[in-house]
Amino acid sequence: MQPDTEQDIFSKKVKNLLKRTIRSAKRRGAWFTLDRKEKGLLSLAASLNVTFTSMDLLRAVAKVVKRLQECGDTLLTRYQRGVRLAWAFSEFAVACGNSASRAWRHDRAYCEYLGRVFTGWSGGV
């Protein structure tokens, strides 16, 4: 068995990245905003035995991945994540004896902050 070349290693890394991106996009619902061609391009690039030597292929894949990132992370999804986290933190604090922490559940600014911090959004906190 031959050792992997640099191109093979690069292709494996790209495929792993694509698989993680697709899985994440499906979980967030962003996958379903793509049209059939874009979904097909990413699915085939992730599943077929392809070496990524063509710059045109890499550009096309990068364009679709960038679109996925833009579609999936909205203010609403960040706020929803923040609300879930605020409830979880509040439940824990109440269980520890801090009954005033029930107000955290309805504090909009706190929920938005948690949504920003825990989703990797770097919009300047």
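Each reported figure results from applying straightforward, stated rules to the coordinates on display, with no laboratory input. Bear in mind the structure is a predicted one, so any value in this text is a computation, not a measurement. Note that each Cβ is placed from the backbone with ideal geometry, even for glycine, and that neighbours are counted across all protein chains shown.
About its Cα centre, what dipole magnitude does the chain give when the only charges are +1 on Lys and Arg Cβ and -1 on Asp and Glu Cβ, stated in debye to the nearest 20?
Details: 23 positive and 11 negative charges, 69 e Å.
So the dipole magnitude of the chain works out to roughly 340 debye.
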Give me the net charge for the shell around Ala95: Cβ to Cβ below 15 angstrom, other residues only, Lys and Arg +1, Asp and Glu -1. +1
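Grab the Cα-Cα distance for Met55 and Asp107, subtract it from 0.36 nm times how many residues apart they are, and report the gain in nm with one decimal.
Details: separation 52, 0.36 × 52 = 18.72 nm, distance 4.81 nm.
Full-extension gain reported as 13.9 nm.
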Starting from the Cα-Cα distance between Phe118 and Leu17, subtract it from 0.36 nm times their residue separation and give me the gain in nm to one decimal. 34.3 nm
With θ set to phi - 60° and the Karplus curve 6.51 cos²θ - 1.76 cosθ + 1.60, what are the ³J(HN,Hα) couplings of the stretch 83-91 in order, to the nearest whole Hz, using x for Gly and Pro? 5, 4, 5, 4, 4, 5, 5, 5, 4
With charges only on Cβ, +1 for K and R and -1 for D and E, what is the dipole size of the stretch 6-72 about its Cα centre, in debye, rounded to 20? 360
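Calculated FRET efficiency, Val94 and Phe32, Cβ-Cβ r, R0 30 Å, to nearest 0.05? Spell out each step's value before the answer.
On the way: r = 37 Å, r/R0 = 1.23.
So, using R0 = 30 Å, E works out to roughly 0.20.
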With the Cα gyration tensor of the stretch 6-72 in hand, convert its eigenvalues to equivalent ellipsoid semi-axes via √(5λ) and list them largest first in whole Å. 20, 12, 10
Give the distance, in whole Å, between the Cα centre of the stretch 94-118 and the Cα centre of the stretch 11-76. 35
So if I place +1 on the C-beta of Lys and Arg and -1 on the C-beta of Asp and Glu, and nothing else carries charge, what would the dipole magnitude of the stretch 75-117 be about its Cα centre? I want it in debye, nearest 20. 140
Please list, in order along the stretch 23-29, the HN-Hα scalar couplings obtained from phi with the Karplus expression 6.51 cos²θ - 1.76 cosθ + 1.60 (θ = phi - 60°), rounded to whole Hz, x for Gly and Pro. 4, 5, 5, 5, 5, 7, x
In whole Hz, what ³J(HN,Hα) sequence does the stretch 30-37 give by Karplus (6.51, -1.76, 1.60; θ = phi - 60°), x for Gly and Pro? 6, 4, 7, 8, 7, 8, 4, 5
